[in-house]
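Asks: Sending over a structure as C-alpha cells; questions will come in a sec.
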2 protein chains.
Amino acid sequence: MDEMEANQFREFGKEMIDYVADYLENIRERPVVPTVEPGYLRQLIPSEAPNEPEKWQDVMADIERVIMPGITHWHSPKFHAYFAAANSYPAIVADILSGGIACVGFSWIASPACTELEVVTMDWLGKMLDLPKEFLACSGGKGGGIIQGTASEATLVALLGAKARAIHFAKKEHPDWKDSDIISKLIGYTSCQSHSSVERAGLLGGVKLRSLDTDNESRLRGDTLEKAIEKDREAGLIPFYAVATLGTTASCSFDNLEEIGPVCNKNNVWLHIDAAYAGAAFVCPEYRYLMKGIERADSFDFNPHKWMLVNFDCSAMWLKDPSWLVNAFNVDPLYLKHDQQGNAPDYRHWQIPLGRRFRSLKLWFVLRLYGVEKIQEYIRKHIGLAHYFESLVKADDRFEVTQEVVMGLVCFRLKGSNDISKYLLKRLNKRGLIHLVPSEVRGTYFLRMAVCSRLTEKEDMDVTWKEITEAAEEVLAGKYMNGN
Amino acid sequence: MDEMEANQFREFGKEMIDYVADYLENIRERPVVPTVEPGYLRQLIPSEAPNEPEKWQDVMADIERVIMPGITHWHSPKFHAYFAAANSYPAIVADILSGGIACVGFSWIASPACTELEVVTMDWLGKMLDLPKEFLACSGGKGGGIIQGTASEATLVALLGAKARAIHFAKKEHPDWKDSDIISKLIGYTSCQSHSSVERAGLLGGVKLRSLDTDNESRLRGDTLEKAIEKDREAGLIPFYAVATLGTTASCSFDNLEEIGPVCNKNNVWLHIDAAYAGAAFVCPEYRYLMKGIERADSFDFNPHKWMLVNFDCSAMWLKDPSWLVNAFNVDPLYLKHDQQGNAPDYRHWQIPLGRRFRSLKLWFVLRLYGVEKIQEYIRKHIGLAHYFESLVKADDRFEVTQEVVMGLVCFRLKGSNDISKYLLKRLNKRGLIHLVPSEVRGTYFLRMAVCSRLTEKEDMDVTWKEITEAAEEVLAGKYMNGN
C-alpha cells in the first residue's frame, strides 16, 4: 500500500490550513454568487475515478479550477441570504481532531469522552442562555441537551417524542383504541410563519399539523392557539404538539411564548421551541425578554452553527424528558449493549440516525477560545450592523422597512407594488455584487438583508447599501421610462 | 474583537495536523478501551464556559488530560468491535476545506459545486461498484446518488419513499380510503438478522415491519418473503417495503437478492438494500456475486465511512426514482426557491434534514488520492487478514468458527455452552488489551472479530489471537477449578 503516509498528510494538511486562512482573509474579493450553469462541474473532471493514486498537489490545484467557480461564498460580507452559517477557526481545528479520533459515538462505551463532553458542554451552553434548570443534565433530573445535526431534525425528534407521549396517554384512557386510530386523530400546531421544515416534519412523521394565523407582527398568539385546540377537541381530534418559533426565517418575528406556554401545558400539548437562528442572541441578557415563558416548553432548539461560530453541524437541543423518545424508539441489539447503560445517556436513542460524529469538540473549542463575553460582543455587533443598515434604509424615502429590526435581519422593500421590489432583486442578482433572498408576509413581498459573515464591518454595510440604491435607481428609472 | 486571528489559526491548525498524525502513528501504544467511569469528564473541566478567551495552547493541552482518557480508539489495530469506521488522511484534509467553505448545500444555488460534485462523485462510486445504470445520474434517467449521514437515515428515507408510493397507488385504486386507513394496512419486511436501525425506521416512520426468519446461514430467502406477502395480502394488508441486507451486523451474512428481487417487483414492494458495511467490497469484481440481483432494487445504500476510507459522515445511497420522496415531502418556501430548480437536484428533498455539509469533497479526495486499485487492495487486505485469523481459530480445537468468513469479520466461540464464551468476553474486557463485542444468532452466542483499522497488519492478528487464547486458558482453567 502506498496510500497517503503521515508525512504527506502533514504537508497536505498544513497547505490546506493555509489555503483556508487565505480564502477567508481574501473572501471579499471573490464574486459572492457563481455564474456557472447547472452541469458545469461534470465537464471539468473525468467521468470516472482514477485507477491509480493522484498527487495531492493536483487535487489542491483543482480547488480553484473546479470547486471555487461553483461556490456561493456564505462567508463573504456581501452574502446576505437565508441566515448566517457559522464558520470559525476554533471550530475548524476541532473538526480536524474529531476526524482524527473518528469514533462513532452511538453509545457511552463507544467513546465515553464523546458522550460526556456533549453532556457537559450542552450544560455550559444552556447556562449561557439561562435555560431553566429542568433542561440541564447537571440539575440531576431527566433533562439534558444533545447536539443534533440540524434544527429540522430537532423539530422531527420533538414531534416523534410528542407523538409517542400522546399515543401513550390516549391508550391509557382508551385501551381499545388502535395506534392507527389514535394517530389519525393527532393534530399539531404551528404558525403560518414557521420554517418550512416544521411542515415537513409533519409530513415525515405522518401526522397533521395545522398552520395558524399570526397577529400583524407575524407572531403566533395564545388565543389563536387556544381556539384552534378547542375546536379540534370538539371535532374529536387529539391536540398533541405545538412548535413556537423565536426568530422566523421570513422576517425574524417571535411567537408569544408567555401566552402559548400555558395553553400548551393546560392541554397536555408538547411545546417545542424552534429558535434556530435567534436563539444565539439569548447569550445576551438584554434579549432574553424574547424567550420569556420558555420554562413552559418541553423542548428547545437553536443552531450554534448559524449565529454562534460553531461550524455546521451543531444544532443544540434540550429536552425536559427525553424518556419519551428513548422508550418509544429504543431498539437495543446485543452488539450495542454495554455495562454502563443507565449511568450515562446513549445519545443514539435521542436522535434519528444511529451513528454520530464527535461534534461537541467544536462547541468546546469555540466556547473556550472565544469565551462568553466575546460571543456576546459578536451577537451585539451583528445586531448593531443591522440597525445601522436599517438607519440607511429609513433615511431614503424610496424605501421602507417592513418589520421591526430585532436581530441581524432587516426586511425592506421599495415603496409601492410588489413587482418593483421583485425587479429590484432581479437587478441585484444580475449585477451580482451582493446576494439576498426575498420573502413575503401577508401579501407583501420584501427583501431580506441578513448580516451573515463573521468578517462583516460597517463599511460592508455601506457597500451593500450603495449597491442596492444603484440597482434601485436603475429599476426606478427603467420603470418610469418604459414600464419594465 | 480579539477573536482568533488567521495567523493564530495557521499555528493552531498545523499543530493539530501534527497531533493527529502523531496520534494515528502511535495509536497501537494506547489502551484500546478507556477505564473511566461514567461522569469522569465533568470532574475534569469547569462547570461553566469561561468568560474570557483562553489560549489555544491550553485547549491543546487538555486533549491529553481530558479527552484521551475517555476515548475508545476505533483506529487501533486492537479494536475489533462493531464494524470498521473509516479514517484516512485525504478525508480529514477534505473536511478542513469543507469547514473553510462552510456552505450549507440545501439547494443548487446555495453552492452549485456542493450539489454537482456530489452528483458526479456518486456516479464515480456507482461505476466503481458496477451498479446498474438506472441508479446513476449520468444515465440521464430519474436515478442518482446522494450522500446521507448514516445508513439508518437511508433506510428511513427509503421507507418514507415506499410509504408515499404505496399511499399513492392505494388511493388510485380506492379513492375513498383515507391516508390513515392505508397506513394502518401497510406492512414492510426485513429479516430477523437485519440491523436494529431497520426496526427503528419502522417505529420512526409509523408503519409495521415484519421480521422474517432466515435460513440456516442467516440469509433471508425469496420463498419466506413470498409466503409472508401472500399471507398478509389475504389478511387485507398492503405489502409495500422490504429491506434486504448484504453483510449483516451480527454475522455478515448476505440475503439472497436473486430470489428476493423478483418477489418484490411482482408485488410492487419497494426493495431497499442495506449494504452498510459489505457494500465497499463490491469495488472488487470477485465479490459482486453477492450483490447479484441488485438491478431489481429500488434503492441501495452502503457506507464509505465504514470500510472505504471516507471519514464519517458519508453514507452513499442511490435511488432509481427519487421523485417519490421529492414529491411527498417537498415544501418549498419563497426563500428557498431559485431559478435553476428542475435543472439540478435540490438534495434537501432527498433527505431528512434541510441543511447539509459539503460532504462530497472527502469522497472526491479519497477516490483521487487512493485510486480504485488501492481501494481494492485495501478491501482485499482486510479480508485476507480475516481469513488468516480464521485459520488461527480453526487450528485450535477448543474454538469453533460459527459463520463462513466472507468479508473482514470472523465469528467464533469456545466450543461448548454459551456461558463459557460470555465469560471469555468478560475476561477479555477485563484484561483490556483488545476490544470485541458479542452477538447471538439462533441461540448461539459468539464473539465478533472485525478487522477495523487501516493500520492493521498480520502481526496485529497474532497479538489479538494470543490475547484471546491467553484469556481462554484462564477461563477454561477457572471453569475446571471452581465452576466460574
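The values are calculated or read from the model by the stated rules, or taken from the named source; none is laboratory data. Remember, it's a predicted structure, so these values are computed and weren't measured experimentally. All Cβ positions, glycine included, derive from the backbone under ideal geometry; neighbour counts span all protein chains shown. Surface areas here come from the heavy atoms of the whole protein model, side chains and all, with no ligands, DNA or RNA. Shrake-Rupley method; radii C 1.70, N 1.55, O 1.52, S 1.80 Å.
Asks: Which net charge results when you count Lys and Arg as +1 and Asp and Glu as -1 among the other residues whose beta-carbon is under 9 Å from that of B:Thr150?
Replies: -1
Asks: For A:Arg380 and A:Asp22, calculate 0.36 nm times their separation in residues minus their Cα-Cα distance, and state this gained length in nm to one decimal.
Replies: Here the answer is 126.2 nm.
Asks: Can you sort A:Asp181, A:Asp215 by solvent-accessible area, 1.4 Å probe, largest first? Don't skip to the answer; put the middle values down first.
Replies: On the way: A:Asp181 60, A:Asp215 30 Å².
Largest accessible area first, the list is A:Asp181, A:Asp215.
Asks: Separate question: Taking a point 7 Å out from Cα toward Cβ as the label site, list the nm distances between A:Arg65 and the same residue in every other copy, smallest first.
Replies: Taking the point 7 Å beyond Cα along Cα→Cβ, the inter-copy spacings are 4.7 nm.
Asks: Among B:Leu156, B:Leu354, B:Cys114, whose Cα projects farthest towards the positive end of the dipole of the stretch B:103-358, with charges put on the beta-carbon of Lys, Arg (+1) and Asp, Glu (-1)?
Replies: Going by the charge dipole, the pick is B:Leu354.
Asks: Ordered by residue, what ³J(HN,Hα) values in Hz, to whole numbers, does the stretch A:379-393 give under the Karplus form 6.51 cos²θ - 1.76 cosθ + 1.60, where θ = phi - 60° and Gly and Pro are x?
Replies: Those phi angles translate into 4, 5, 5, 4, 5, x, 5, 5, 5, 4, 4, 3, 5, 5, 5 Hz.
Asks: To the nearest 100 Å², how much accessible surface do chains A and B cover up together, summed over both, with a 1.4 Å probe?
Replies: On the way: alone 22890 and 22890 Å², together 32790 Å².
Interface area, both chains combined: 13000 Å², rounded to the nearest 100.
Asks: Roughly how many debye, to the nearest 20, is the charge dipole of the protein assembly as shown about its Cα centre, given +1 on each Lys and Arg Cβ, -1 on each Asp and Glu Cβ, and no other charges? Kindly include the intermediate steps, with their values, before the conclusion.
Replies: Values: 112 positive and 132 negative charges, 374 e Å.
That gives a dipole near 1800 debye.
Asks: Between B:Glu459 and B:Ser323, what is the FRET efficiency for a Förster distance of 56 Å, r being their Cβ-Cβ separation, to the nearest 0.05?
Replies: Efficiency, from the Cβ-Cβ distance: 0.60.
Asks: Still on this structure, please answer the following. Per residue, how much accessible area does chain B have with a 1.4 Å probe, in Å²?
Replies: Numbers: 16390 Å² over 484 residues.
I get 34 Å² per residue for this part.
Asks: What are the ³J(HN,Hα) values, in whole Hz, obtained from phi via the Karplus relation 6.51 cos²θ - 1.76 cosθ + 1.60 with θ = phi - 60°, for each residue of the stretch B:370-376 in sequence order, with x given for Gly and Pro?
Replies: So the J values, rounded to whole Hz, are 9, x, 4, 5, 5, 5, 4.
Asks: List, in order, the whole-Hz ³J(HN,Hα) value for each residue of the stretch B:112-120 obtained from phi through the Karplus relation with A = 6.51, B = -1.76, C = 1.60 and θ = phi - 60°; use x for Gly and Pro.
Replies: Going residue by residue, I get x, 5, 5, 6, 5, 5, 5, 4, 6 Hz, with x marking Gly and Pro.
Asks: Hey, another quick one. Out of residues 5 or more away from A:Leu212 or on other chains, whose amide H comes under 5 Å of its own, with H placed 1.01 Å from N in the peptide plane?
Replies: For A:Leu212, the qualifying residues are A:Thr190, A:Ser191, A:Cys192.
Asks: Put simply, what bits of the stretch B:366-411 lose 40 Å² or more of accessible area when the other protein chains are there, versus the chain on its own (1.4 Å probe)?
Replies: At a threshold of 40 Å² (probe 1.4 Å), the residues of the stretch B:366-411 that become less exposed are B:Arg368, B:Leu369, B:Tyr370, B:Val372, B:Glu373, B:Lys374.
Asks: Compute the distance in nm between two label points, each set 7 Å from the Cα along the Cα-to-Cβ direction, one at B:Arg431 and one at A:Asn7.
Replies: Taking the two extended label points, one gets 3.7 nm.
Asks: Per residue of chain B, what 222 nm ellipticity follows from adding -39500 (n - 2.57) for every DSSP H run with n ≥ 4, rounded to the nearest 500? Present the calculation step by step, with values, prior to reporting the outcome.
Replies: Values: 14 runs with 204 residues, N = 484.
Result for chain B, helices only: -13500 deg cm²/dmol.
Asks: How high is the FRET efficiency from A:Asp215 to A:Glu440, r the C-beta distance, R0 25 Å, rounded to 0.05? Present the calculation step by step, with values, prior to reporting the outcome.
Replies: Numbers: r = 17 Å, r/R0 = 0.69.
Once the sixth-power term is evaluated, E becomes 0.90.
Asks: Turning to a different aspect of this structure: When the accessible area of the protein assembly as shown is computed with all protein chains present and a 1.4 Å probe, what percentage of it is carbon and sulfur? Please report the intermediate quantities before stating the final value.
Replies: Details: 15490 of 32790 Å².
Whole-percent figure for carbon plus sulfur exposure: 47.
Asks: Another question, then. Considering only A:Leu186, A:Met308, A:Val269, whose Cα is most displaced toward the positive end of the charge dipole of the stretch A:170-329, charges sitting on Cβ of Lys, Arg (+1) and Asp, Glu (-1)?
Replies: Farthest towards the positive end: A:Leu186.
Asks: Only four residue types carry charge here, +1 at the Cβ of Lys and Arg and -1 at the Cβ of Asp and Glu. Report the dipole size of chain A about the Cα centre in Debye, rounded to the nearest 20. Mind showing how you got there, number by number?
Replies: Values: 56 positive and 66 negative charges, 220 e Å.
Roughly 1060 debye for chain A.
Asks: Evaluate peptide A:297-307: per residue, the Cβ atoms of other protein chains within 10 Å of its Cβ; return the mean as an integer.
Replies: Counting other chains' Cβ atoms within 10 Å and averaging over A:297-307 gives 1.
Asks: Quickly work out the B:Glu473-to-A:Lys172 label distance, labels modelled 7 Å from Cα along the C-beta direction, and quote it in nm with one decimal.
Replies: 5.9 nm
Asks: Mind listing the label-point distances from A:Gly384 to the same position on all other copies, shortest first, one decimal in nm, points 7 Å along Cα→Cβ?
Replies: 6.4
Asks: With a 1.4 Å probe on protein heavy atoms only, tell me which residues of the stretch B:333-351 lose at least 40 Å² of accessible surface in the complex relative to the chain by itself.
Replies: The answer is B:Leu334, B:Tyr335 - residues whose exposure falls by at least 40 Å² when every protein chain is included.
Asks: Tell me the distances, shortest first, between A:Asn327 and the same position across the other copies, using label points 7 Å along Cα→Cβ, in nm to one decimal.
Replies: So the distances to the same position in the other copies read 4.0 nm.
Asks: Put simply, what bits of the stretch B:196-243 lose 50 Å² or more of accessible area when the other protein chains are there, versus the chain on its own (1.4 Å probe)?
Replies: Correct list: B:Ser196, B:Arg200, B:Leu203, B:Leu204.
Asks: Below 8 Å between Cα atoms, with a sequence gap of 6+, how large is the relative contact order for the stretch B:103-358 in percent?
Replies: On the way: 474 pairs, mean separation 68.2, N = 256.
Over the stretch B:103-358, the number comes to 27 percent.
Asks: Continuing with the same structure: Compute the FRET efficiency between A:Leu237 and B:Glu286 as 1/(1 + (r/R0)^6), taking r as their Cβ-Cβ distance and R0 = 51 Å, and round to the nearest 0.05. It would help to have the intermediate numbers written out before the result.
Replies: Details: r = 58 Å, r/R0 = 1.14.
The formula returns an efficiency of 0.30 here.
Asks: What does the charge add up to near B:Cys284, with Lys and Arg as +1, Asp and Glu as -1, over the other residues with Cβ less than 15 Å from its Cβ? Could the numbers behind the result be given before it?
Replies: On the way: positive: B:Lys127, B:Arg288, B:Lys292, B:Lys374, B:Arg380, B:Lys381; negative: B:Asp130, B:Glu286, B:Glu373, B:Glu377.
Local charge sum for B:Cys284: +2.
Asks: For every other residue with a beta carbon closer than 12 angstrom to the beta carbon of B:Ala235, add +1 if it is Lys or Arg and -1 if Asp or Glu, then tell me the sum.
Replies: Values: positive: B:Lys185, B:Lys208, B:Arg210, B:Lys231, B:Arg233; negative: B:Glu230, B:Asp232, B:Glu234.
Residues close to B:Ala235 contribute a combined charge of +2.
Asks: Treat every Asp and Glu Cβ in the stretch A:1-129 as -1 and every Lys and Arg Cβ as +1, leave all other atoms uncharged, and give the resulting dipole magnitude about the Cα centre to the nearest 20 debye. Walk me through the numbers before you get to the answer.
Replies: Details: 9 positive and 20 negative charges, 134 e Å.
The dipole magnitude comes to about 640 debye.
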